[in-house]
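The values are calculated or read from the model by the stated rules, or taken from the named source; none is laboratory data. What you see is a predicted model, and the numbers here were worked out from it, not measured in a lab. Cβ sites come from the backbone with ideal geometry, for glycine too, and all protein chains shown count toward neighbours.
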Amino acid sequence: METLTPEVESGSNPPAVDFEKVQDFAGRVLGDLAAAGAHALVYVGDQLGLFKALAEAPATAEQLAQKLDLDARYVREWASGLAAIGYFDYDPANGTFTLPAERAAVLADESSPAFMAAASSVIRTMYHSADEVAGIFKTGEGFGWHQHHQCLFRGTERFFRPGYHTFLVDDWLQQLPGVSEKLSEGGRVLDIGCGHGASTIILAQAFPNSSFVGVDYHQESIDAARKAAEEAGVSDRAEFLVGSAHTLPAGPFDLICYFDCLHDMGDPVGAAKAARGVLKADGSVLLVEPLAEDRLENNLNPLSAMFYAGSTFLCTPCSKSQEIGLALGAQAGPGRLTGVLESAGFSNVRVATRSMANLILEAKL
Ligand SMILES: C[S@@+](CC[C@H](N)C(=O)[O-])C[C@H]1O[C@@H](n2cnc3c(N)ncnc32)[C@H](O)[C@@H]1O
């Protein structure tokens, strides 16, 4: 029988493996696997309204299933998984699951700034496109935003909206001197890469005397934005156009915004130059980007890990699918973003503020 000869005998030293460290790391990866599985459960719970139902009152799986007209066996397995990972409390005495208010703010309440259940739709998209993305690792080709599964578009809107709702009007705009005052009196705003229009609609609700144009190259997103504006009662002052960030509607605009999208563009410098061409002489560009520092070694944390993953599947391929394909990535950081805006001819660029997940820059002529 063939035996494995220890390397020691052949004269070289075996690699020193600390099995305690292996065990520790395996335990950590097991936790991550459990979390990945839990996020598939979160996706289902979010789609079916299970979190909202459980947030109303503790319930057994059977009661929850009855409330939503679902199969009780599936609901029990689903709830058991989320209890096992610690998202739900479980009372064995009466078989009830509880979603305490603090966790409901994260999983059930879409108006809460902490709401994150919609992120599961984005993760789902990443798995859906994973084979295509693995393929473009070999070719270096791009993969456009519009090529992903459709759950990305609404998922992104629902994931980002709570942050915009919390910070945009009351915090970020307050860091741009004179802008809120101008919009209260009546100004013109352009929201480039607006997606489903969450940011445009929040602004239109806050400043009824101003007018708003949202532009995005993705037809389906623009259709959804128009519908959302009607439902929000702001379609008299918010219009949405299908178009590229390079061919903008006629200005001049008092405020031009990019919400979490400049890094997705192939030619962000060209796009910012186009914005400069339709900005009023005293107007402002508001650039909102995922929070990041300039150097990878300062981005080694869970928030950045999430953004780097999204950037690998979504943002970097989207940029590479367009002309120039600069591929800034979702963790570009203030230095590179400032460089992009300065290269486009803006002479006054500054980091206006930072919030939980975003970096906010202002650029003026
Ligand atoms: C991450 S999403 C952000 C959407 C929206 N601003 C939000 O915060 O919910 C990026 C958006 O940029 C749009 N986009 C990408 N490249 C574009 C381009 N060159 N011109 C116009 N829109 C573009 C995509 O269609 C997508 O809607």
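Overview of results
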read-out	value
Residue match in the stretch 128-147 (condition: surrounded by fewer than 16 Cβ atoms within 10 Å (Cβ to Cβ), in contact with an Asp or Glu (Cβ under 9 Å, 6 or more places away or on another chain) and on the phi > 0 side of the Ramachandran plot)	no
The stretch 108-148: number of residues that are within 16 Å of the ligand (Cβ to nearest atom) and modelled with pLDDT under 95	2
Only listed residue being of a type outside the set (G, A, S), farther than 15 Å from S321 by Cα, assigned by TED's automatic domain parsing to the domain that holds C194 and within 14 Å of the ligand (Cβ to nearest atom), chosen from P268, P249	P249
Residue in the stretch 147-181 that is nearest to the chain's Cα centre (by Cα), counting only those that are small (G, A, S) and closer than 28 Å to V349 by Cβ	G163
Residue list for the stretch 184-202, restricted to those being surrounded by 24 or more Cβ atoms within 10 Å (Cβ to Cβ) and either assigned to a helix (DSSP H, G or I) or away from the ligand (no atom under 16 Å from the Cβ) (or both)	A198, S199, T200, I201
Close pairs from the stretch 345-364: first in the same structural domain as N301 (by TED's automatic domain parsing), partner modelled with pLDDT of 95 or more and acidic (D, E), Cβ under 7 Å, at least 6 apart	V349/E342; R350/E362; A352/E362; T353/D171; S355/D171; N358/E289; L359/E289
Any hit, the stretch 99-107, residues being out of contact with any His (no Cβ under 6 Å at 6 or more places or on another chain), of a type in the set (K, R) and away from the ligand (no atom under 16 Å from the Cβ)	yes
The listed residue being within 16 Å of P162 (Cα to Cα), aliphatic (A, V, I, L, M) and surrounded by fewer than 17 Cβ atoms within 10 Å (Cβ to Cβ), out of A114, A104, A119	A114
Boolean, F346 is among the aromatic types (F, W, Y) and either surrounded by fewer than 20 Cβ atoms within 10 Å (Cβ to Cβ) or away from the ligand (no atom under 12 Å from the Cβ) (or both)	yes
In the stretch 10-31, residue farthest from the chain's Cα centre (by Cα) [restricted to those that are loosely packed, with under 10 Cβ neighbours inside 10 Å and of a type in the set (D, E)]	D18
In the stretch 203-223, residue farthest from the ligand (Cβ to nearest atom) [restricted to those that are in a helix (DSSP H, G or I) and crowded, with 20+ Cβ neighbours inside 10 Å]	A204
Residue satisfying condition, being more than 21 Å from E141 (Cα to Cα), of a type outside the set (K, R), crowded, with 18+ Cβ neighbours inside 10 Å and within 16 Å of the ligand (Cβ to nearest atom), within set V288, V242	V288
Verdict on L173 being within 16 Å of the ligand (Cβ to nearest atom) and over 26 Å from H218 (Cα atoms)	yes
